[in-house]
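See below for the structure under consideration.
All of the numbers you see were taken from the coordinates with simple rules; none came from a lab. Since this is a predicted model, take the numbers as computed values, not measurements. As a convention, Cβ positions derive from the backbone with ideal geometry for all residues, glycine included, and neighbour counts pool all protein chains shown.
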């Protein structure tokens, strides 16, 4: 005897409750959280290093890598308080890993911004909510100008795109305008920054955007991630 | 591979409901997938196969239905849209709200019930 049940029940990915829980923790501490997503070698760590001098102890970093604490040591040397997660093979961070990290890592002592550097991967991290306020995609000019078109999901979920290594533009065939156009096809309100960690180009601009978003968040007191369906800020100029 | 985390949640939900109904086995599960989730059906089927092994969901037939992205515009009403990140009305460009295409829903399940009198 078989019976059919109509359920119409919504299913969320495992871990979304955890993401909501840690988002509340971040709110309680007044910490604005940025989830940096990009390919291996896109320049995520270098971007953090380039921002370090302007952040003067008010930002912390959680590093995600399969193995090693090399990135933690790099950003610590640059001046951040940092924590390393080793995923032992997993291709992305998930909310449970961030929750565990927070037990060994204090948000006290003037931390206003927390950067989570995801595992180098332009695909899977896009689908995982880490309790962050914004996701930011990082693409280097050396990867080619087709990346926004080829990896639409990460563009769709990111509030900003940081194009890195622009000092190499004379040496590589990368049409930055195409990259920006393809990104905005997925996300019309995407804010886009051209940066070079080496020359310092665009670093202040990106940092200003992060601080601006953090101010908006503190002012609004809303609990949804910025850029979610519920709350999306107007398009700002690149 | 976010399909795996969705598969785990489907297992958890269906298993609980099947237990509540004292079912011996789950024969069929019908899911509707919002296109904005970016879920790959083959991969979700594979993940479901893996996580349901040895459970009462093992061997259940999985049926899919795709839900197109739809935006609810305050002026123009509900309209299908391209699944981009911002819920913008395709007619007037005003910002609306996604009303479909963002969710994974267990529409129905078919259970084998050992007790025909139930």
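So here's what we get for this one:
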{"read-out": "Average beta-carbon neighbours from other chains, 10 Å sphere, peptide B:23-36", "value": "2"}
{"read-out": "Fewest-first sequence of B:11, B:91 by Cβ atoms within 10 Å of each Cβ", "value": "B:91, B:11"}
{"read-out": "Highest-fluctuation residue, A:23, A:198, A:156 considered, GNM on chain A with Cα pairs under 10 Å", "value": "A:198"}
{"read-out": "Shielding of A:6-19 by partner chains, average beta-carbon count, 10 Å", "value": "6"}
{"read-out": "MRE, 222 nm, helices only [DSSP H, n ≥ 4, -39500 (n - 2.57), over chain A, to nearest 500]", "value": "-10500 deg cm²/dmol"}
{"read-out": "Most fluctuating residue given options B:60, B:22, B:69, as computed from a GNM of chain B linking Cα atoms under 10 Å", "value": "B:22"}
{"read-out": "For B:100-108, mean number of other protein chain Cβ atoms within 10 Å", "value": "4"}
{"read-out": "Mean Cα-pair separation over length for the stretch A:16-213, i.e. relative contact order, pairs under 8 Å, 6 or more apart, %", "value": "25"}
{"read-out": "Overall Cα dimensions of the stretch A:1-80 - principal axes, largest extent first, Å", "value": "68, 31, 18"}
{"read-out": "Rotationally averaged projected area of the protein assembly as shown (alpha carbon convex hull; nm²)", "value": "19.5"}
{"read-out": "Most mobile of A:31, A:139, A:123 in a GNM of chain A (Cα contacts under 10 Å)", "value": "A:123"}
{"read-out": "Relative contact order (%) - criterion: Cα under 8 Å, at least six apart; region: the stretch B:41-118", "value": "21"}
{"read-out": "Å³ per residue enclosed by the Cα convex hull of the stretch A:16-213", "value": "108"}
